[in-house]
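Here is the structure we will look at.
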């Protein structure tokens with residue numbers, strides 16, 4: 001008996017690049033009792049501590065109100081929802097929505113987590129969602145949305161233009177994985 | 001401003017007031033359960049201008065003023 005094999009293709013992908021880097025700078029200025037101002041300028045460009053990075057990650061994924069009170073959860077989830085569209089305009093810092101959305105209302109991520117890779121020293125937020133298509137389209141843009149459950153509101157977070165637009169027919173799905181990376185300077 | 005309706009079984013499952021220029025989408029729970037054929041009439045009672053801009057899949061989107 002022959003089994004029908006599902007074919008898996010790997011299309012052209014972009015070479016991976018280093019992403020966001022987080023660092024800190026400390027400046028100092030002394031004012032003497034006589035009113036003289038001495039600017040010492042930049043005094044330190046240092047690493048963010050583990051504690052600082054963990055605080056950043058908690059802010060990205062929601063956090064308990066108090067480390068000793070696990071009953072109060074601040075319900076804020078960054079990049080929890082996904083939408084896609086057919087727009088091809090270049091990505092812009094001023095984007096606040098998709099150019100030509102196919103889905104306007106975000107689909108919740110099926111997998112949503114954040115973690116610290118102790119080997120690479122990179123913190124990652126990962127959000128995976130599968131979007132469905134009920135008509136043929138050439139999917140060329142993708143957006144992720146953050147959700148604040150306390151206000152039942154989606155906030156636009158980021159728009160990406162696909163390097164390789166994906167042609168879909170009715171009934172097809174696309175699984176998008178969005179990764180936000182923070183690494184220490 | 002736009003109104004986005006997610007439809008399931010000919011009724012509104014989710015509704016959002018969408019401000020695309022600022023990337024802000026507020027859930028409007030009072031629309032949940034409303035029949036599809038009632039949507040436009042209800043919008044007309046709340047806004048001066050109502051026009052359907054998209055209907056694709058399980059979503060209907062109106063531009064309202």
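The values are calculated or read from the model by the stated rules, or taken from the named source; none is laboratory data. Here the structure is a predicted model, which means the values were calculated and not measured. Virtual Cβ from ideal backbone geometry, glycine too; neighbours counted across all protein chains shown.
A residue that is within 14 Å of the chain's Cα centre (by Cα) and either within 11 Å of chain B (Cβ to nearest Cβ) or closer than 30 Å to residue A:51 by Cβ (or both) cannot be found anywhere in region A:85-103. Out of curiosity, is residue B:11 out of contact with any helix residue (DSSP H, G or I) (no Cβ under 6 Å at 6 or more places or on another chain), under 30 Å from residue A:93 (Cα atoms) and modelled with pLDDT of 95 or more? Answer is no for this residue. For residue A:135, the conditions (1) modelled with pLDDT under 95; (2) surrounded by 13 or more Cβ atoms within 10 Å (Cβ to Cβ); (3) closer than 23 Å to residue B:58 by Cα all hold with the exception of (2).
Within region B:1-28, the set of residues being part of a strand (DSSP E or B) and facing chain A (nearest Cβ under 7 Å) comprises B:4, B:6, B:14, B:16, B:18, B:24, B:25, B:26, B:27. Tallying residues that are more than 10 Å from chain B (Cβ to nearest Cβ) and outside any strand (DSSP E or B) within region A:116-163 yields 6. The residue of region B:29-58 that is farthest from the other protein chains (Cβ to nearest Cβ), among those that are under 24 Å from residue A:148 (Cα atoms) and either at pLDDT 95 or above or loosely packed, with under 13 Cβ neighbours inside 10 Å (or both), is B:33. Selection of region B:31-51 for residues being over 15 Å from residue B:63 (Cα atoms) and touching a strand residue (DSSP E or B) at 6+ places or on another chain (Cβ under 8 Å) yields B:31, B:32, B:33, B:34, B:35, B:36. Residue count for region A:152-177, restricted to those that are buried (at least 19 other Cβ atoms within 10 Å of the Cβ) and over 24 Å from residue B:14 (Cα atoms): 1.
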